[in-house]
Amino acid sequence: MTATAPTKIERAILIAAGRGKRLGSHTEEIPKCMVQVGRRPILGWVWQAFEAAGIRELVVIRGYRGDVLEAFVRGLVPRAHFVDNTAWQTNNILLSLACARRFLDQPCLLSYSDIIFTPAVARAAVASEAELGLVIDRRFREIYEGRTEHPLEEGEVADLMPDGSVARVGKKALPPADAIGEYIGLSRLGERGVATVARTLDRLAHDFAGREEAPFQRAASYRNAYLTDLWQLLIDTGIQLDPILIDGQWREIDTGQDLERARHLVESSTEEWP
């Protein structure tokens, strides 16, 4: 029997609607993903990694300073699409993703916009056979050494079931001491996976119509739910999410301290961050 080739992925969806207030003056005029980290903006590092992994199309969910973001992306990405989250000031990551529902019609990568990662990480996500794959860093504790402005307790940690699939994921999902890794904010959706996410978003939109303030998973309200709340819902309903395990090679940029640490990383390591 001939082995089935992995699903080809050429699209990535970037959730980039928020401002990133914890970066202070860095985001007064530009969205968070345009903040400079060494010789490139955050999105410059992300697109470089995506291109190296065969991504040719980028869908950007924009909100804060969306006009500035569009001008920047059009100069960087040959095939770009833009979706507006007009309620970006009052909602969160899950409802941002829902704004791009129409683009959940083919396999894709899905990424936060405040992370940088090496091309090797993007390639691992694309090459995985997971239908619903979460990139999880096993060396996450090293990143939190000296990270006083964003402690480990705020990490989207994860553990695994006996069969190796993801059991719990998210902030406060489990004690950090029990975690096997941290979800970095990069996911892989294959053909069945992207259909599952699209179908679930449709059902949630129906179920929470007119009641966005109702609790949802670990979020106080559906309006303010995280992407990890969606992942946990799928797990709780018996849908398998698989880890794509990595060892370092990424950073989250949430605070000024994170920004300085990320700059040092990319400037001191030309091999991992070409």
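Every number here is computed from the coordinates shown, using simple stated rules; none is lab data. Everything numeric in this text was worked out from a predicted model, so none of it was measured. Counting neighbours? That spans all protein chains shown, and the Cβs are built from the backbone with ideal geometry, glycine included.
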By a straight-distance test (C-alpha under 25 Å), which lysines pair with residue 21 as possible cross-link partners, with residues fewer than eight away in the same chain excluded? 32, 171, 172
For a quick check: sort 112, 183 by the number of other beta carbons within 10 angstrom, fewest at the front. 112, 183
Quick check on region 1-102: what are the equivalent-ellipsoid semi-axes from the Cα gyration tensor, as sqrt(5λ), descending, whole Å? 26, 17, 12
What order do you get for 33, 108 when you list them from fewest to most C-beta neighbours inside 10 Å? 108, 33
With R₀ set to 35 angstrom, the calculated FRET efficiency between the beta-carbons of residue 220 and residue 264, to the nearest 0.05, is 0.45
Ordered by fewest other Cβ atoms within 10 Å, a rough proxy for footprinting exposure, 206, 26 read 206, 26
Please grab the % of Cα pairs in the chain that end up more than 34 Å from each other. 11
Nitroxide proxy distance, nm - points 7 Å out along Cα→Cβ at residue 245 and residue 200: 2.3
Given region 52-201, what percent of its DSSP beta bridges are antiparallel, to the nearest 5? 75
Using 0.36 nm times the number of residues separating residue 82 and residue 36, minus their current alpha carbon distance, what extension gain do you get? 14.4 nm
Would you calculate the separation in nanometres between label points at residue 89 and residue 236, each defined as 7 Å from the Cα along the Cα-to-beta-carbon direction? 3.1
Over the chain: helical MRE at 222 nm, DSSP H runs n ≥ 4 each giving -39500 (n - 2.57), nearest 500: -8500 deg cm²/dmol
So for the pair residue 10, residue 163, with labels modelled 7 Å out along Cα→Cβ, what separation do we get in nm? 3.3
With a Förster radius of 45 Å, plug the Cβ-Cβ distance of residue 141 and residue 71 into 1/(1 + (r/R0)^6) and report the FRET value to the nearest 0.05. 0.70
Starting from the Cα gyration tensor of region 168-274, multiply each eigenvalue by 5, take the square root, and state the resulting semi-axes largest first in whole Å. 31, 17, 14
Could you sort the peptides 7-14, 164-171 by per-residue average Cβ neighbour count (10 Å cutoff), highest mean leading? 7-14, 164-171
In debye, nearest 20, what is the charge dipole magnitude of the chain about its Cα centre with +1 on Lys and Arg Cβ and -1 on Asp and Glu Cβ, if you could check? 580
Sorting check: for 81-88, 120-127, which peptide has the highest mean count of neighbouring beta carbons within 10 Å, and how do the rest follow? 120-127, 81-88
